[in-house]
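Presented below is the structure to which this report refers.
Every number in this text was worked out from the coordinates using simple rules, so none of it is lab data. Just so you know, these numbers come straight off a predicted model, no measurement behind them. Quick reminder, even Gly has a Cβ in these numbers, built from the backbone with ideal geometry, and neighbours come from all protein chains shown.
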Amino acid sequence: MARIVGGITTSHVPAIGGAIAKGLQSDPYWKPFFDGFVPVRHWLSEVRPDVAVVFYNDHGLNFFLDKMPTFAIGAADEYKNADEGWGLPVYKPFLGHPALSWHIIETLVAKEFDVTTCQEMLVDHAMSIPFELAWPDADALPVKIVPIAINTVQHPLPSARRCLALGRAVQAALTSWEGAERVVVMGTGGLSHQLDGQRAGFINKEYDRFCLDNLVNNPDALTTHSIHEIVALSGTQGVEILNWIAARGAMGATAKETHCNYHIPISNTAAATMLMEVP
Ligand code: DHB
Ligand code: FE
C-alpha cells in the first residue's frame, strides 16, 4: 500500500517561471507569492515523498483542440517539457513510474473511468512551474511522477463532481498498490482568472475564498456548481480548479490543511498555494 503523505495545490502561471529565471523571488511584486512556498518546501524536506501524482491541465503542448481527452494518464518512463512560446527555459524532464501509472489506470477503468493512456506525453508549464517552486535548484527531481491531465480547455468539460470522484478512485488505487512508496498528491492551476474575451482580467475573490475555505473539510461543496456556473464564477481559465478538486479527492478523507496562501494578482491570476497533510 502506497502511503499518501499529503497534498499541494498551487497556481501554475508561466510568469512565475520568468520571475525564477530573473531571480525576482524577493521583488515586492513576487515576494508575497514565493513566500507562500516556504512552508511547502520545508514540509517536503521532512516527508521526502518518492512519487508525485499530479492533476493538471495541458494547454496545447501535448493535446490540442483537435484531440482532447477528458482524462489522460501518463504511463511513460520519462516526460519531457518543451518550448510553449512563453519565453521560459525548457525545464528538465520528469521521471515516470509506469508500473504505478498502469495500476492506477487499471483501477480507474475497473471503476468505470474510461481514461486515455499515454505512453508518450509532453508536460507543460502546469507541471514544470509547480516543481520549480517545490524543488528549486534541484539538478534532478527527487520524485517520480504520475501525470493525470484533466480537460479544462475544450468544452464539454467533466463536472466538478466527476473530478472529485476521479480523485477518490485514484486514492483507492494508491491504497491497493503493492509498493510502499510515499506519495504526494498535487493539483495545479487556478484560482480565478480569465485570459480571453470581454472579461479578460476577471478575478473573483469571493468564489476563491469559498473554494479555499471548503476544499479540505467539505470538498463536495465545490461540486454543487455546474461547469458553466464555475466558468461564470471563476473565469474561463479559473475552471482549472477542477485539478484542485480531483487532487483533494485523491488525498483521502483525513487530510488536514496546514498552510494556505492567497495573493492577487500574479500576471492575470488570483494565485494560491495550499498544503495539506495526511496524518
Ligand atoms: C496565466 C495563467 C494560467 O493558468 C496559464 O495557464 C497561463 C497564463 C496568467 O495568469 O498569465
Ligand atoms: Fe493554466
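Between Asp66, Asp124, Asp35, the residue with the greatest mean-square fluctuation in the GNM of the chain (Cα pairs under 10 Å linked by springs) is Asp66.
Mind running the shape call on the range 21-152? Use the C-alpha gyration tensor, a ≥ b ≥ c as the square roots of the eigenvalues: rounded below 1.5 for a/c, prolate if a/b tops b/c, oblate otherwise.
Note, shape of the range 21-152 comes out prolate.
As a ratio to 2.2 N^0.38 Å, the alpha-carbon radius of gyration computed for the range 109-202 takes the value 1.29. Comparing Ala19, Ala138, Ala52 in a Gaussian network model of the chain where C-alpha atoms under 10 Å apart are linked, the largest mean-square fluctuation is found at Ala138.
Start at zero, step by 5 Å, and the Cα-Cα distances of the range 66-124 spread as 4, 18, 23, 20, 17, 11, 5, 2, 0 percent across the bins.
Rounded, prolate or oblate: which one fits the range 32-78, using the alpha carbon gyration tensor with axes a ≥ b ≥ c (rounded when a/c is under 1.5, else prolate when a/b beats b/c, else oblate)? Oblate. Entry for the chain at q = 0.07 Å⁻¹: log10 I(q)/I(0) = -0.21, Debye formula applied to identical alpha-carbon scatterers, no solvent contribution.
Converting phi to 3J(HN,Hα) with the Karplus coefficients 6.51, -1.76 and 1.60 and the offset θ = phi - 60°, the range 67-82 yields 9, 10, x, 5, 10, 10, 10, x, 9, 10, 6, 8, 10, 8, 8, 8 Hz in sequence order, with x at every glycine or proline.
Taking 17 Å as the cut-off, the amide N atoms of the range 52-77 that come nearer than this to a point 7 Å along the Cα-to-beta-carbon line of Gln119 belong to 73-77. Fraction of C-alpha pairs exceeding 15 angstrom in the range 226-274: 57 percent, rounded to a whole number.
The GluC sites (Glu not before Pro) of the range 111-205 that DSSP puts in a loop, and whose beta carbon has at most 16 other beta carbons within 10 Å, are Glu112, Glu120, Glu178. Each residue of the range 260-267 was assigned a 3J(HN,Hα) from its phi angle through the Karplus curve 6.51 cos²θ - 1.76 cosθ + 1.60 (θ = phi - 60°); the sequence is 8, 10, 10, 8, 10, x, 10, 6 Hz, with glycine and proline shown as x.
Remark: the Cα gyration tensor places the range 148-209 in the prolate category, a/c being 1.5 or greater and a/b exceeding b/c. Run through the DSSP bridge list for the chain and note the antiparallel percent, rounded to the nearest 5. Roughly 45 percent of the beta bridges in the chain run antiparallel, per DSSP. Look at the alpha carbon pairs under 8 Å that are at least 6 residues apart: their mean separation over the length of the range 141-279 gives a relative contact order of 33 percent. The tail of the calculated P(r) for the range 178-271 beyond 24 Å holds 22 percent of all Cα-Cα pairs. Counted over all Cα-Cα pairs of the range 1-47, pairs farther apart than 14 Å make up 59 percent. Could you pull out the pairs from Lys80/Lys144; Lys22/Lys205; Lys22/Lys92 whose alpha carbons sit more than 20 Å apart here? Table pairs above 20 Å Cα-Cα are Lys22/Lys205.
When the chain is treated as a Gaussian network with alpha carbon springs shorter than 10 Å, the biggest mean-square fluctuation among Val170, Val183, Val231 belongs to Val231. DSSP beta bridges fully contained in the range 72-188 are about 45 percent antiparallel.
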